[in-house]
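Presented below is the structure to which this report refers.
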Amino acid sequence: MTFRKYLVLAAIIVFASVGDISLSYGMKRVGAISLARWTELFAAVLNPWVALGIVLLLGFFAAYLSALSWSDLTYVLPATSLGYVLLALLSVWLLGEKVSVSRWIGILLVSSGVAIVTRGPSATHRHQPELESAGDQP
Amino acid sequence: MSVLRTWSAIAAIVLSSTAGDVLLSRAMRQIGHVGELWRRQGLRAVLKTIATHPSFLLALFFMAVSFFGLLAVLSWADVSLVVPATASLAYATNALAARLFLHERVDRRRWLSALLVCAGVAVLAT
């Protein structure tokens, strides 16, 4: 793992959590959407906060695609789960949601999971990539 | 809004997002390291290769389903419940699906990490 690859993982974390915060703020302003009027979901995209959230999530998507091209899915997902810690912090600071003691314990568990997976290899070693469907047991 | 309705929506989001992630991972693995591809062939070639890959397109469909599901749930439930809850369950389903469909080597370290993150995110949701 190079510095550049860690930078891509950091971009995934920041874009995803800030994007979710923006989406949530926007959807709260749009108001609850009932199943009977589900088509209002498409109009919600016009809310500026929802639109900003979508732009940020596009940034997340680009970084995510890049990471998946050189890492395993089971590496990228836990490694970027720090985003949930950032999301919890941002929802306290920006949205005024309550974060209880149990949520802080959750943050600790997520962080230890991240610490464990990032110490291991980022990709399954493949001797013959063209034959990957034949199995990859080392 | 009822709790049952929230959790049904969460289950639907988890299933479609797992399908999306696994298909996306498969597409990107077949395409290869995008940084190197960009240097060799340019950005336009990279975008074209990705945008025309069948697994990528199918992944996009599933991700759109989970995205609009998420938007719907966020209109009545807390973001600090919904996003961690969907993610928590998705760590377990993704680890299983990556092993079954992507033949990733999910060793003890990765299972432990996935379980810690899964538990942590579940606690976050309470």
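Every read-out reported here was derived from the displayed coordinates using simple, explicitly stated rules and does not represent laboratory data. Because the structure is predicted, anything quoted here is derived from the model rather than measured. Positions of Cβ are generated from backbone atoms using ideal geometry, with glycine treated the same way; all protein chains shown enter the neighbour counts.
Taking only the C-alpha atoms of the protein assembly as shown, the Rg (one decimal) and the largest Cα-Cα distance, Dmax (whole number), read 18.1, 53 Å.
For a straight C-alpha distance cut-off of 23 angstrom, the lysines reachable from residue A:28 (same-chain residues fewer than eight places away being disregarded) are A:98.
So what's the net charge close to residue A:11: Lys and Arg +1, Asp and Glu -1, counting the other residues with Cβ under 12 Å from its Cβ? Within the 12 Å Cβ shell, the charges total +2. Using alpha carbon centroids, what distance separates segment A:84-124 and segment B:64-126, in Å? What the calculation gives is 13 Å, centre to centre. Taking every residue in A:79-92 and counting other chain Cβ atoms within 10 Å of its Cβ, the average works out to 3.
I'd like the mean, over residues of B:90-103, of how many other protein chain beta carbons sit within 10 Å of each residue's own Cβ. Show your work: numbers first, answer last.
On the way: counts 1, 6, 0, 0, 5, 4, 1, 2, 6, 2, 0, 1, 6, 8.
Whole-number average of other-chain Cβ neighbours for B:90-103 is 3.
Put simply, segment B:3-124 fits an ellipsoid with semi-axes of 29, 19, 12 Å; these come from the alpha carbon gyration tensor as the roots of five times its eigenvalues, largest first.
Secondary-structure-derived ellipticity at 222 nm for chain B, considering helices only, amounts to -28500 deg cm²/dmol, per-run term -39500 (n - 2.57) for DSSP H runs with n ≥ 4.
Stretching residue B:61 away from residue B:99 to a fully extended chain increases their span by 11.5 nm, per 0.36 nm per residue minus the current alpha-carbon distance. Extents of segment B:33-90, largest first, come to 46, 19, 19 Å (Cα atoms, principal axes, whole angstrom).
Screening chain B for whole DSSP H helices with an alpha carbon extent of at least 18 angstrom along the helix axis and a mean Kyte-Doolittle hydropathy of at least 0.5 yields B:3-31, B:54-74, B:79-101, B:108-124. Hey, could you get me the Stokes-Einstein D for segment A:35-98, Kirkwood radius over alpha-carbon pairs, 10 °C and 1.306 mPa s, rounded to whole µm² s⁻¹? It comes out at roughly 111 µm²/s. Sorting B:115-123, B:49-57 by their mean Cβ neighbour count within 10 Å, with the most densely packed peptide first, gives B:115-123, B:49-57.
What length, rounded to one decimal in nm, is gained on full extension from residue A:45 through to residue A:97, with 0.36 nm per residue of separation minus their alpha-carbon distance? Can you show the working numbers first?
On the way: separation 52, 0.36 × 52 = 18.72 nm, distance 2.32 nm.
Length gained, residue A:45 through residue A:97: 16.4 nm.
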